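First the structure, in the form of structure tokens, and then the observations on it.
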């Protein structure tokens, strides 16, 4: 009985993998031979990354749709997104993929060389998830909401993560933090945060911020621009760093006015949290500067867990099923059975119920008589 159940389970696994492979075939530039090779390679990667073989193939399909359609690129990105999910509690592979895509596209990391994703994105996020009061999943949620706007406001990935880490440590609301930094980065460049259209009030906003930040150490106030030509915006990180240096010198009224000028009426408290916790942003910058290898180190810890080892055992049985139940052989058997059923369908459609019963009885009698004759 157990043997039959094992066979059924193996066949179900192959059917699931074949379905995933058909989806990949629609989007990839792989040849038939490369697809077959990847079919078996996916099982090896799944065992390494602590996910299922079907998830690896499905991830390859997702990356293929995004332009990573060669065997090497699709396989590598499927591996990285699966690894990212494995080292990030509370994050599934789909969320991991969406997060990586958002960051890669916004900050142009890994688009030409997928290997840059490992330490260029994953290790930086992971080191902060391990050393700050936030998590990989929260960081990805914030980045997914804000990356494009923050990049347009001259921020690096590291600066974006650092600012949002400083904010979320205080607010504990990653979704609102991501939205707030999207708002701020748009407002200081003269874009309406609701319509995302350019409204051209930069001169007015710049003057307002300068007036609100005039202190003994900054008599002319703080500018939105890097120099007097006013052609290059400061990054959001640089701007908030300069403000954090003099923030305590401002009156309560000027602080409130400054927060509203920067973030609007609804997001001010998040920017206030960032300014007041700016040492956390600076600490995050230092951590990310030395983060190379963090993701791989984290994966080595995961590999020693019972959950990882159990998944490896399960996926080893899937690999055995791949070896025993060849997809082409299964298709041949199914096609053969379909042909037989087509013949039966044709006969029964012409003979009807009673005719079919009569034909069946006649065949049974003939077979029985032949058998009896052979006995004598």
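Once each part is reduced to its C-alpha centroid, what is the distance from region 18-61 to region 200-224 in angstrom?
Cα centroid of region 18-61 versus Cα centroid of region 200-224: 55 Å apart.
Once you sort the root eigenvalues of the Cα gyration tensor of the chain as a ≥ b ≥ c, which label holds: rounded (a/c under 1.5), prolate (a/b larger than b/c) or oblate (the other case)?
Judged from the Cα gyration tensor, the chain comes out prolate (a/c at least 1.5, a/b above b/c).
Where does helix 2-27 land angle-wise versus the long Cα axis of the chain, in degrees 0 to 90, nearest 10?
The helix 2-27 is inclined about 60 degrees to the chain.
Output the relative contact order of region 210-336, whole-number percent, from Cα pairs under 8 angstrom with separation of 6+ residues.
15
Between region 103-150 and region 276-296, what is the separation of their alpha carbon centroids in Å?
Here the answer is 12 Å between Cα centres.
How would 38, 225 line up from fewest to most surrounding beta-carbon atoms within 10 angstrom?
225, 38
Going by a ≥ b ≥ c, the root eigenvalues of the Cα gyration tensor, does region 131-291 fall in the rounded group (a/c under 1.5), the prolate group (a/b larger than b/c) or the oblate group?
Note, shape of region 131-291 comes out prolate.
Quickly rank 98-109, 308-319, 48-59, 284-295 as a protection proxy: mean count of other C-beta atoms within 10 Å, highest first.
48-59, 98-109, 284-295, 308-319
Do the sum for the chain: with -39,500 (n - 2.57) for every DSSP H run of n ≥ 4, divided by all residues, what is the mean residue ellipticity at 222 nm, to the nearest 500 deg cm²/dmol?
Values: 17 runs with 275 residues, N = 376.
So the helix-based figure for the chain works out to -24500 deg cm²/dmol.
Can you sort 145, 266 from fewest to most other Cβ atoms within 10 Å of each residue's own Cβ? Don't skip to the answer; put the middle values down first.
Values: 145 21, 266 13.
With the sparsest Cβ surroundings first, the list reads 266, 145.
So for region 131-291, averaging the separation of alpha carbon pairs under 8 Å that are six or more residues apart and normalising by length, what relative contact order in percent results? Let's see the in-between values first.
Working: 214 pairs, mean separation 45.1, N = 161.
After rounding, I find 28 percent.
Can you tell me, using C-alpha contacts under 8 Å and at least 6 residues apart, the relative contact order of the chain as a whole percent? Before the final figure, lay out the partial values.
Values: 460 pairs, mean separation 68.0, N = 376.
Answer for the chain is 18 percent.
Would you order 15, 202 from fewest to most other beta-carbon atoms within 10 Å of each residue's own beta-carbon?
15, 202
Label point 7 Å out from residue 289 along Cα-to-Cβ: which residues of region 147-166 have amide N under 13 Å?
Answer for this model: 159.
A short reminder: the numbers here are calculations on the coordinates, not readings from a lab. Here the structure is a predicted model, which is why all the values come from computation and not from measurement. Every residue, glycine as well, gets a Cβ built from its backbone with ideal geometry; the counts of neighbours run over all protein chains shown.
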